[in-house]
Amino acid sequence: MIGSHELVPAQPGQTPEQAKAQDNRVLGFWIFLSGECAFFAALIGTYLSLDTHTAGAVTLASLIDLPLTGVMTLSLLSSSLTMVFAFLAMNKGELQAMKIWLWVTALLGAIFLDLQIFEFTHYMASGFTMGASASASAFYALVGFHGLHVAFGLFWIISLLVYSFKDGITPANTSKVWIAGLYWHFVDVVWVIIFTVVYLMQKVH
Amino acid sequence: MAAVAELVGTKGRQRSQSYLMSWLTTADHKRIGIMYLLAATFFFGVGGIEALMIRIQLSSPGNTFVTPALYDQLFTMHGTTMIFLAVMPLFIGFINCIVPLQIGARDVAFPRLNALSLWLFVLGGILLNSSWFLGGAPNAGWFNYAPISLTPFNPGPGIDFYDIGLQLAGIGTLMTGVNFIATIINNRAPGMSLMRMPLFTWTTFVTSVLILFAFPPFTVNLFLLMFDRLMGANFFNILKGGNVLLWQHLFWIFGHPEVYILILPAFGIISEVIATFSRKTIFGYDSMVLATIAIGFLAFTVWVHHMFVDGFGPYVNSLFAITTLAIAVPTGVKIFNWIFTMWGGKIKFTTAMLFATGFIPLFVIGGISGVMLAMAPADFQYNDSYFVVAHLHYVLIGGSLMGVLAGAYYWFPKITGRLLNETLGKWHFWLMMIGFNVTFFPMHFLGLLGMPRRVATYSAAMGQAVAFWNLVATIGAFILAISFLFFFYNLIKSLKSGERAGPDPWDGRALEWATESPAPVYNFAKTPLVRGRDAWWVEKTEGDGQLRSAEPEQDGESAHHAHGIHLPTGSIFPFLIALGLTIAGYGAIFGLLLLVAIGLALAFFSIHRMIVDEDPGEIVQPVGGAGE
């Protein structure tokens, strides 16, 4: 039986199988994001259980600079809006406009990350290091993993921008942008929770 | 390996790549399933040898066959290997080989992601086991409690191997969960409504949901431990405000669903095998589906029953005792449904059927001791004794492994095209039934006599009964091991010279029996039209014994016959991602930052290629009609 089936190269253009593969990607990504919810739920639970365990070390409350995290929040929330603009431009078939909005999204994400690195360096210099207390460890785990998600999102969006639009807007890269967008909005929503639970609630205490 | 060459994957594909590369790059669910089964069988052998060493050590009081330090590593690696590297991947192997066939699909939703899952499991397992040669294996039990897993009490690299090895394998399992949820939702053949799906597909679906929500907390937990050990964090360090119970909570929020991940696929296999060999449709299909979903839901509500002695007080313990007892209800429904399926059926006791019927009493014993353990006040007596060891082996061997073996004898012909030898199979079954019960039933008595688990030896002062039952258990373990020699011999012999199976050796009911054995690379020449539950049985009894095609006919020929079948192509990048992450893992364990950087660079380069590359696919011309 081996070799009785002849191979010919796939035809260019969209086949039903490719259409289904794209359907699957969007569905699969929603499923993956629900797993990500469980991931961040575990980290947030860990943070809440260790929040007050400062072991006499520097506390987060004494260091938080709300205007700075406010600017971070603003840049990340705006990047969700620009991601929507990119998607709208893509639906209209405007390649250049879509690319510009994606670059703006990446830029806003980079501003967020840059400020987060500044924030972390400042905290560490003030003695609020990973090893200072259980509370500090939980802070860096939760906020750090979110930051890594933003960094991965940047890597993803820039990968798409540089490599995926050589033939213009096609059915294949449309779903890729859609999925990258889902991811980006998810990371944004997680930040809204972190901003509330970690930063705003410290000020309430 | 020559016999393996005849297996599924090479059929229907041009051999343009070298043999090794064709396996490293494959995205075919059947070949990936076979690799899962081969790797898991290897790890099963390793875990079995560790078990025998444990039993030799415990055969007499005060024995010095192994040192206490080595004993700790043996029981830790035995549990970890059997759960994460043997039984779970054996099920995932069957799921890969069979579920796409049962739903009439061409492949899984994400064929390349499936390859990534496989390689993360294989390389994670190798990394974990390489600890034996690189400074000592992990030694804090399979649930690895803090603080004994922390650096001050465990300065060697063993725990880091546990941490990073399971992290890699766990991410692979998570991807499998995502993959099969999407596959079962989206890739079913026309007419295969949810309530027409075979029960193995249903249990796979619920298992995948459990994986999706159970593994992320475990991933987090492993990261927290890694931060504590490698980066000086304090999650579990009480001196700096840490909390050791945090590990236990996060572990068992994962760990209890994990044991249902290990049993639900077995329930599915048993349902398929009992229905086929009773020549009846499964009794109470709807209640079977509902029971599976109920067990999946309750799995997330019981984790504190592993922590009854932690001192949460009577209110918390009562709540979790009641949710635990409640699981006996849907499980009991399943047991009765299997019995009623056999009732009045034309039963044929093939080896697969023997394992399926043997499963029922053994799993009931494990279930009853489980209900005993669920009663919180009584658990204070059993906790950390051999009674627990007896219970978990009755559910994991009497339940999960019996399910695996029923599946092995049932699906071996579908996967390889050849039947397993029935005579050797019956030797395997009866020796295993004897060996298993002789090994583990006495452990109930040992537990009640006060023998603690995880201690390298026991004193002769514990009495003659303890020494006697331990010796009996050791003898049983060797009978059990001999039964598996029969199995392994049968596997090799049948692979080389077993009787040809033909497409439908058991007069089966589900769609996997409607295609060739082994299934061709495209599974079905024409996508089948499903016209009822037990889809293939319906065609054999009420149709003309041929599958109906779901594809529109053009000039007497379906579109696929005119243009060929579009299939995903393989890629080396899933393997390279897993390899990169494994290299980075070794770097992290030994503090070699350069190695971490090289590994991550390789992984990210490959992830980047997976993101931007478009799978062009390839066209395969099928031969014959849908039923061939």
The range A:1-45, residues that are under 30 Å from B:Pro552 (Cβ atoms), more than 8 Å from chain B (Cβ to nearest Cβ) and at pLDDT 80 or above: A:Val26
Boolean, B:Leu579 is of a type in the set (A, V, I, L, M, F, W, C) and more than 28 Å from the chain's Cα centre (by Cα): no
Yes/no for B:Phe153 being among the aromatic types (Phe, Trp, Tyr), without any contact (Cβ under 8 Å) to a residue 40 or more places away in the chain and outside any helix (DSSP H, G or I): yes
Only listed residue being in contact with a helix residue (DSSP H, G or I) (Cβ under 8 Å, 6 or more places away or on another chain) and on the phi > 0 side of the Ramachandran plot, chosen from B:Gly62, B:Gly33: B:Gly62
Residue match in the range B:576-586 (condition: in contact with a Phe, Trp or Tyr (Cβ under 8 Å, 6 or more places away or on another chain), more than 14 Å from chain A (Cβ to nearest Cβ), more than 20 Å from B:Met175 (Cα to Cα) and in contact (Cβ under 8 Å) with a residue 40 or more places away in the chain): no
A:Asp51 being out of contact with any strand residue (DSSP E or B) (no Cβ under 7 Å at 6 or more places or on another chain), of a type in the set (Asp, Glu) and within 14 Å of chain B (Cβ to nearest Cβ): yes
Any hit, the range B:490-499, residues being within 30 Å of B:Gly104 (Cα to Cα), of a type in the set (Gly, Ala, Ser), at pLDDT 95 or above and part of a helix (DSSP H, G or I): yes
Residue match in the range B:3-13 (condition: modelled with pLDDT under 95, crowded, with 22+ Cβ neighbours inside 10 Å, away from every other protein chain (no Cβ under 14 Å) and under 25 Å from the mean Cα position of the chain (by Cα)): no
Close pairs from the range A:28-46: first buried (at least 20 other Cβ atoms within 10 Å of the Cβ), partner outside any helix (DSSP H, G or I), Cβ under 8 Å, at least 6 apart: A:Gly28/B:Ala109; A:Gly28/B:Phe110; A:Thr46/B:Phe235
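Of these, B:Arg112, B:Arg55, which one is charged (D, E, K, R), touching a Ser or Thr at 6+ places or on another chain (Cβ under 8 Å) and either crowded, with 22+ Cβ neighbours inside 10 Å or at pLDDT below 95 (or both)? Give the steps one after another, and end with the answer.
Numbers: B:Arg55 fails: either crowded, with 22+ Cβ neighbours inside 10 Å or at pLDDT below 95 (or both).
The match here is B:Arg112.
So that you can scan it fast, the table gives a plain yes or no per residue for (1) farther than 23 Å from B:Phe227 by Cβ; (2) assigned to a loop (DSSP other than H, G, I, E, B):
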position	(1), (2)
A:Phe155	no, no
A:Ile158	yes, no
A:Gly168	yes, yes
A:Ala172	yes, no
A:Lys176	yes, no
A:Asp188	yes, no
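Mind checking whether some residue in the range B:230-242 is surrounded by fewer than 21 Cβ atoms within 10 Å (Cβ to Cβ), among the aliphatic types (A, V, I, L, M), touching a residue at least 40 places away in the same chain (Cβ under 8 Å) and within 14 Å of chain A (Cβ to nearest Cβ)? Before you say what the answer is, go through the steps one by one.
Restricting attention to the range B:230-242, the residues satisfying the condition of being surrounded by fewer than 21 Cβ atoms within 10 Å (Cβ to Cβ) are B:230-232, B:238-239.
Next, only the ones that are among the aliphatic types (A, V, I, L, M) stay: B:230-231, B:238-239.
Narrowing the set further to residues that are touching a residue at least 40 places away in the same chain (Cβ under 8 Å) leaves B:230, B:238.
Now drop any that are not within 14 Å of chain A (Cβ to nearest Cβ), which leaves B:230, B:238.
Yes.
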Condition check for B:Ile164: more than 14 Å from every other protein chain (Cβ to nearest Cβ), in contact (Cβ under 8 Å) with a residue 40 or more places away in the chain and in contact with a Lys or Arg (Cβ under 8 Å, 6 or more places away or on another chain): no
Extreme residue, farthest from B:Trp202 (Cα to Cα), among residues of the range B:486-542 that are free of Cβ contacts under 8 Å to residues at least 40 places away in the same chain and surrounded by 21 or more Cβ atoms within 10 Å (Cβ to Cβ): B:Glu539
Residues that are of a type in the set (Phe, Trp, Tyr) and over 20 Å from B:Leu362 (Cα atoms), drawn from the range B:433-470: B:Tyr458, B:Phe468
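Looking only at the range B:441-464, decide whether some residue is aliphatic (A, V, I, L, M) and touching an Asp or Glu at 6+ places or on another chain (Cβ under 9 Å). I'd like the intermediate steps shown before the answer.
First pass over the range B:441-464, keeping only residues aliphatic (A, V, I, L, M): B:443, B:446, B:448-449, B:451, B:455-456, B:460-462.
Then drop every residue that is not touching an Asp or Glu at 6+ places or on another chain (Cβ under 9 Å), which leaves B:456.
Yes - at least one qualifying residue is present in the range B:441-464.
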Subset of the range B:500-539 [within 24 Å of B:Pro568 (Cβ to Cβ), more than 25 Å from the chain's Cα centre (by Cα) and outside any loop (DSSP other than H, G, I, E, B)]: B:Ala514, B:Pro528, B:Leu529
Residue identified as under 16 Å from the mean Cα position of the chain (by Cα) and within 9 Å of chain B (Cβ to nearest Cβ) among A:Ala141, A:Ala151, A:Ala136: A:Ala141
A:Thr129 vs. criteria part of a helix (DSSP H, G or I) and not small (Gly, Ala, Ser): no
Residue within the range A:71-84 that is surrounded by fewer than 16 Cβ atoms within 10 Å (Cβ to Cβ) and modelled with pLDDT under 95 present: no
Near pairs, Cβ below 6 angstrom, 6+ apart or cross-chain, from the range B:129-145 (of a type outside the set (Lys, Arg)) to any residue that is in a loop (DSSP other than H, G, I, E, B): B:Ser131/B:Ala137; B:Gly135/B:Gly156; B:Gly135/B:Pro157; B:Gly136/B:Gly156; B:Ala140/B:Ile148; B:Ala140/B:Ser149
Matching residues in the range B:103-128 - criterion: being over 30 Å from B:Phe524 (Cα atoms) and under 18 Å from the mean Cα position of the chain (by Cα): B:Leu123, B:Gly124, B:Gly125, B:Ile126, B:Leu128
The range B:395-448 - residue that is under 23 Å from the mean Cα position of the chain (by Cα) and hydroxyl-bearing (Ser, Thr, Tyr) and, of those, surrounded by the most Cβ atoms within 10 Å (Cβ to Cβ): B:Ser400
Residues of the range B:224-264 satisfying the condition of being in a helix (DSSP H, G or I) and over 27 Å from B:Leu210 (Cβ atoms): B:Asp228, B:Arg229, B:Leu230, B:Met231, B:Ile238, B:Leu239, B:Lys240
Residues satisfying the stated conditions in the range B:58-99, i.e. buried (at least 24 other Cβ atoms within 10 Å of the Cβ) and touching an Asp or Glu at 6+ places or on another chain (Cβ under 6 Å): B:Met77, B:Ile98
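The values are calculated or read from the model by the stated rules, or taken from the named source; none is laboratory data. Here the structure is a predicted model, which is why all the values come from computation and not from measurement. Because the Cβ atoms are built from the backbone with ideal geometry, glycine has one as well, and the counts that use them run over all protein chains shown.
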